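**Student:** The following block contains the structure, expressed as structure tokens.
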Amino acid sequence: MDLTFASLGLSDARVSQLEKLGFTAPTAIQAQAIPELLAGRDVVGQAQTGTGKTAAFSLPILDNVDTTKSVIQALILTPTRELALQVCNAMRDLSGDRRIGILSVYGGSAIDRQIRSLQRGTQIVVGTPGRVIDLLERGNLKLDQLSWMVLDEADEMLSMGFIDDVEKILSQAPKDRQTAFFSATMDFSIRQLISKFLRDPVNVSIKQPKATPKQINQVVYNVPRGWTKAKALQPILELEDPESAIIFVRTRKAAAELTSDLQAAGHSVDEYHGDLNQSQRERLLNRFRQQQVRWIVATDIAARGLDVDHLTHVINYDLPDSVESYVHRIGRTGRAGKAGTAISLVVPFERRKLQQIERHVRQALRTMPVPTRAQIEARQLEKLKNKVLEALSGERLASFLPIVAQLGEEYDAHTIAAAALQMAYDQTRPSWLTSDMPEEDLSGTPKPKLIKRGRQQVQSEIVRGPAAEPQEVKS
């Protein structure tokens with residue numbers, strides 16, 4: 001018998017709202033966590049992003065909120081403003097009840113406005129630890145009637161240095177509350193918090209489904225010895241041509257340098273890091289979701305809140321330190337039945353880490369050499385051919401026919417078409433793909449070339465000669 005939301009114990013009103021939203025069957029984390037939370041037990045859930053954990057803790061809370069009381073009954077902590085807004089919006093959708101007040105509080109936004117919203121009364125608060133502490137200290141956020149407390153993305157919260165704030169908030173909440181922790185990983189510090197603040201919790205662990213080729217195409221590109229990753233990435237991007245991608249790097253410095261290189265080469269890319277203020281981050285996220293920016297370079301921590309439905313590629317420029325983080329990263333693509341691609345750049349000293357990932361996902365990942373010049377040019381010509389096919393059905397085609405007729409008095413049609421294609425190709429051909437670059441393999445060592453960008457000339461790392469093998473940097 002297939003599980004339904006009704007069979008988990010949710011109310012008819014909640015099930016009806018889920019049906020309106022198009023949800024008919026619970027995910028694995030929802031099937032296991034919802035009955036335990038409805039029964040009043042504390043829950044520790046280990047699950048990756050994209051498994052439905054937001055609904056897993058939201059639905060039991062929404063089903064039990066007392067709409068006759070305008071006091072805070074549930075508090076959900078998230079590591080970032082973006083995730084707080086995401087959870088808040090999701091809970092409002094799942095609620096469908098205007099009597100239930102759901103408020104998000106976070107830094108970088110006017111605290112006075114948030115205070116006024118609290119004074120008007122709300123039942124559920126979703127917020128970041130720092131802003132929650134500020135409101136507690138001002139006396140505007142009162143937890144004396146709190147019934148539920150949730151830590152979402154607990155591992156990221158602690159890795160961002162919020163452990164003291166989290167402990168302080170947990171200590172001020174009523175001891176008879178119901179508590180749930182949800183995290184992709186469970187390290188020692190999280191287990192300590194669980195032991196200290198949860199009462200005989202039920203453990204729910206959902207393994208990330210193995211990525212099948214139909215869902216996520218996992219590809220490894222070996223970076224040749226003597227090459228930098230930045231140099232190897234450029235031909236890979238030209239061949240793969242991601243529609244939208246997150247490129248994961250280890251440090252903010254690496255994000256800034258790689259973004260600068262890719263922008264200099266003419267790509268639509270921007271960096272996302274903790275140094276951006278809230279308005280800058282929000283503006284970039286909107287541009288990315290509206291596909292005004294195709295690619296974002298980010299660290300793991302900064303990338304929280306960057307979940308988007310249209311993400312086609314995840315690129316591991318730097319492999320993560322843990323195999324769990326690898327699975328967490330690639331799980332951002334290939335969602336909702338759509339195809340996705342996960343690309344990893346691997347230098348020789350990372351081979352051992354790659355073997356650990358392969359053992360974890362229980363499959364050998366497809367390994368590819370860096371694309372050759374011939375492969376990239378073939379890809380460029382294929383894209384040009386597709387553009388020509390689109391133009392053949394375009395409305396503006398007739399305006400160019402007189403020019404063709406005039407040229408046809410001296411040249412045949414095939415020659416004219418070939419010349420037009422050559423002009424179009426030369427305009428779109430990658431500037432770093434120079435004519436003196438070896439035809440058979442890009443692993444040669446072409447001389448440095450200047451890439452023109454407006455009035456500036458930048459000597460991109462992408463086309464530099466051989467560099468010393470990079471050393472692994474821990475952060």
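Per-residue answers, yes or no, for (1) assigned by TED's automatic domain parsing to the domain that holds Gly45; (2) within 30 Å of Glu282 (Cα to Cα); (3) hydroxyl-bearing (Ser, Thr, Tyr); (4) in contact with a Gly (Cβ under 9 Å, 6 or more places away or on another chain):
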position	(1), (2), (3), (4)
Leu103	yes, yes, no, yes
Arg113	yes, yes, no, no
Trp148	yes, yes, no, no
Leu151	yes, yes, no, no
Phe162	yes, yes, no, yes
Glu167	yes, yes, no, no
Ser171	yes, no, yes, no
Phe182	yes, yes, no, yes
Asp187	yes, no, no, no
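**Student:** Still on this model: For the subset of the stretch 176-195 comprising residues that are charged (D, E, K, R) and within 24 Å of Ser322 (Cβ to Cβ), which member is surrounded by the most Cβ atoms within 10 Å (Cβ to Cβ)?
**Tutor:** Initial filter on the stretch 176-195 (charged (D, E, K, R)): 176-177, 187, 191.
Then keep just the ones that are within 24 Å of Ser322 (Cβ to Cβ); that gives 187, 191.
On the way: Asp187: 14, Arg191: 12.
Of everything passing the filter in the stretch 176-195, Asp187 is surrounded by the most Cβ atoms within 10 Å (Cβ to Cβ).
**Student:** Can you pull out the residues in the stretch 25-72 that are without any contact (Cβ under 8 Å) to a residue 24 or more places away in the chain and under 27 Å from the mean Cα position of the chain (by Cα)?
**Tutor:** Hit for the stretch 25-72 is Ala25, nothing else.
**Student:** Would you check if there is a residue in the stretch 196-216 being crowded, with 20+ Cβ neighbours inside 10 Å, basic (Lys, Arg) and over 27 Å from Gln363 (Cα atoms)?
**Tutor:** no
**Student:** May I ask you to list the residues in the stretch 66-80 that are surrounded by fewer than 23 Cβ atoms within 10 Å (Cβ to Cβ) and either at pLDDT below 90 or out of contact with any strand residue (DSSP E or B) (no Cβ under 8 Å at 6 or more places or on another chain) (or both)?
**Tutor:** Listed by number, the residues that qualify are Asp66, Thr67, Thr68, Lys69, Ser70, Val71.
**Student:** Somewhere in the stretch 16-35, is a residue of a type in the set (A, V, I, L, M), more than 23 Å from Leu198 (Cα to Cα) and buried (at least 20 other Cβ atoms within 10 Å of the Cβ)? Walk me through it before giving the result.
**Tutor:** Let us first name the residues in the stretch 16-35 that are of a type in the set (A, V, I, L, M), namely 18, 21, 25, 28-29, 31, 33-34.
Those still in the list that are more than 23 Å from Leu198 (Cα to Cα) too: 18, 21, 25.
Now restrict to residues that are buried (at least 20 other Cβ atoms within 10 Å of the Cβ): 18.
Checked against the condition, which is being of a type in the set (A, V, I, L, M), more than 23 Å from Leu198 (Cα to Cα) and buried (at least 20 other Cβ atoms within 10 Å of the Cβ), the stretch 16-35 yields at least one hit.
**Student:** Kindly indicate the residue of the stretch 260-285 that is small (Gly, Ala, Ser) and either more than 13 Å from Ile296 (Cα to Cα) or in contact with a Leu (Cβ under 7 Å, 6 or more places away or on another chain) (or both) and also surrounded by the fewest Cβ atoms within 10 Å (Cβ to Cβ) among those meeting that condition.
**Tutor:** Initially, the stretch 260-285 is screened for residues small (Gly, Ala, Ser), giving 260, 264-266, 268, 274, 279.
If we keep only those that are either more than 13 Å from Ile296 (Cα to Cα) or in contact with a Leu (Cβ under 7 Å, 6 or more places away or on another chain) (or both) too, we end up with 264-266, 274, 279.
On the way: Ala264: 20, Ala265: 22, Gly266: 14, Gly274: 12, Ser279: 10.
Among those that are small (Gly, Ala, Ser) and either more than 13 Å from Ile296 (Cα to Cα) or in contact with a Leu (Cβ under 7 Å, 6 or more places away or on another chain) (or both), it is Ser279.
To keep it simple, each residue is scored yes or no on (1) modelled with pLDDT of 95 or more; (2) surrounded by fewer than 22 Cβ atoms within 10 Å (Cβ to Cβ); (3) β-branched (Val, Ile, Thr).
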{"position": "Gly52", "(1), (2), (3)": "no, yes, no"}
{"position": "Leu62", "(1), (2), (3)": "yes, no, no"}
{"position": "Ala84", "(1), (2), (3)": "no, no, no"}
{"position": "Gly96", "(1), (2), (3)": "no, yes, no"}
{"position": "Gly107", "(1), (2), (3)": "no, yes, no"}
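**Student:** Take the residues in the stretch 244-262 that are in a loop (DSSP other than H, G, I, E, B) and out of contact with any Lys or Arg (no Cβ under 7 Å at 6 or more places or on another chain), then tell me which one is farthest from Ser159 (Cα to Cα).
**Tutor:** From the stretch 244-262, those in a loop (DSSP other than H, G, I, E, B) are 244, 249-251; that's our starting set.
In the following step, the residues that additionally are out of contact with any Lys or Arg (no Cβ under 7 Å at 6 or more places or on another chain) were identified as 249-251.
Working: Val249: 16, Arg250: 14, Thr251: 14 Å.
Among those that are in a loop (DSSP other than H, G, I, E, B) and out of contact with any Lys or Arg (no Cβ under 7 Å at 6 or more places or on another chain), it is Val249.
**Student:** Further question: Which condition from (1) more than 18 Å from Leu237 (Cα to Cα); (2) more than 15 Å from the chain's Cα centre (by Cα) is the one that Arg373 breaks?
**Tutor:** Against the list (1) more than 18 Å from Leu237 (Cα to Cα); (2) more than 15 Å from the chain's Cα centre (by Cα), Arg373 comes up short only on (1).
**Student:** Identify all residues within the stretch 312-336 that are part of a loop (DSSP other than H, G, I, E, B) and either of a type outside the set (Asp, Glu) or under 12 Å from the mean Cα position of the chain (by Cα) (or both); write none if there are none. It would help to see each step written out before you state the result.
**Tutor:** Step one: filter the stretch 312-336 for residues part of a loop (DSSP other than H, G, I, E, B), giving 312, 317-322, 331-336.
Passing the criteria: Thr312, Tyr317, Leu319, Pro320, Ser322, Gly331, Arg332, Thr333, Gly334, Arg335, Ala336.
**Student:** In this structure, does Ser195 turn out to be among the hydroxyl-bearing types (Ser, Thr, Tyr) and modelled with pLDDT under 90?
**Tutor:** The answer is no for Ser195.
The values are calculated or read from the model by the stated rules, or taken from the named source; none is laboratory data. Source: prediction; values computed, not measured. Don't worry about glycine lacking a Cβ; one is built from the backbone with ideal geometry, like all the others, and counts go over all protein chains shown.
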